[in-house]
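Q: Mind having a look at this structure? Questions to follow.
The values are calculated or read from the model by the stated rules, or taken from the named source; none is laboratory data. This is a predicted model, so every value here is computed, not measured. Counting neighbours? That spans all protein chains shown, and the Cβs are built from the backbone with ideal geometry, glycine included. Protein only, heavy atoms only, side chains kept; ligands, DNA and RNA dropped before computing areas. Shrake-Rupley method; radii C 1.70, N 1.55, O 1.52, S 1.80 Å.
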Amino acid sequence: MSNLKNVTTEAFEAEVLKSAIPVLVDFHAVWCGPCKASAPALEDAAREFEGEIAFVKVDIDQEPMLAKTYDVQGVPTFIVMKDGQPVERFQGLVSRGKLAAVLEPFAGAGQ
């Protein structure tokens, strides 16, 4: 069972903007090689930070307005949202180590 939840434009406000804990939003596309290659690292991080950081996926082809709103120029683009605001963003293939380094400062921040 994946800890990564696919989110639509309709659910974005409730799942991301109003989240009590920080959220890592993975803007991806099904045709994107680096997106697929990043998936195992994301799954690991979602398990490690469960309860401290929420993880959601947004398919840019299904949700183009969200991609436009957050100025997503390429995929994968990752945005850490806290209190409804983007606080960190990075792009491209990610390793487990890179994710941990970026997310560590936000872990437990919602408590």
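Q: How much of the calculated P(r) for the chain lies past 15 Å, in percent of all Cα pairs?
A: On the way: 3585 of 6105 pairs.
So the portion of pairs separated by more than 15 Å is 59 percent.
Q: Tell me the per residue accessible area of the chain using a 1.4 Å probe; a whole number in Å² is fine.
A: 52 Å²
Q: Heavy atoms only, probe 1.4 Å: what % of the accessible area of the chain goes to carbon and sulfur, would you let me know? Walk me through the numbers on the way to the answer.
A: Details: 3080 of 5730 Å².
Result for the chain: 54 percent of the exposed heavy-atom area is carbon or sulfur.
Q: At R0 = 25 Å, how high is the FRET efficiency between GLN73 and SER95 if r is their beta carbon distance? Nearest 0.05 is fine.
A: For GLN73 and SER95, the calculated efficiency is 0.70.
Q: Assign unit charges at the C-beta atoms only (+1 for Lys and Arg, -1 for Asp and Glu), then state the dipole size of the chain relative to its Cα centre in Debye, rounded to the nearest 20.
A: My answer is approximately 200 debye.
Q: Run the numbers on the stretch 5-110 and let me know its relative contact order in percent, using alpha-carbon pairs under 8 Å that are six or more apart.
A: Numbers: 170 pairs, mean separation 42.3, N = 106.
Averaging sequence separation for qualifying contacts and normalising by length gives 40 percent for the stretch 5-110.
Q: Given springs between every Cα pair under 10 Å in a Gaussian network model of the chain, which of VAL30, VAL16, VAL75 has the largest fluctuation?
A: Most flexible of the set in this elastic network: VAL30.
Q: Could you give the dipole magnitude of the stretch 30-93 about its Cα centre, charging the beta-carbon of Lys and Arg +1 and that of Asp and Glu -1, in debye to the nearest 20? List each step's numbers first, then the result.
A: Details: 6 positive and 11 negative charges, 40 e Å.
So the magnitude is around 200 debye.
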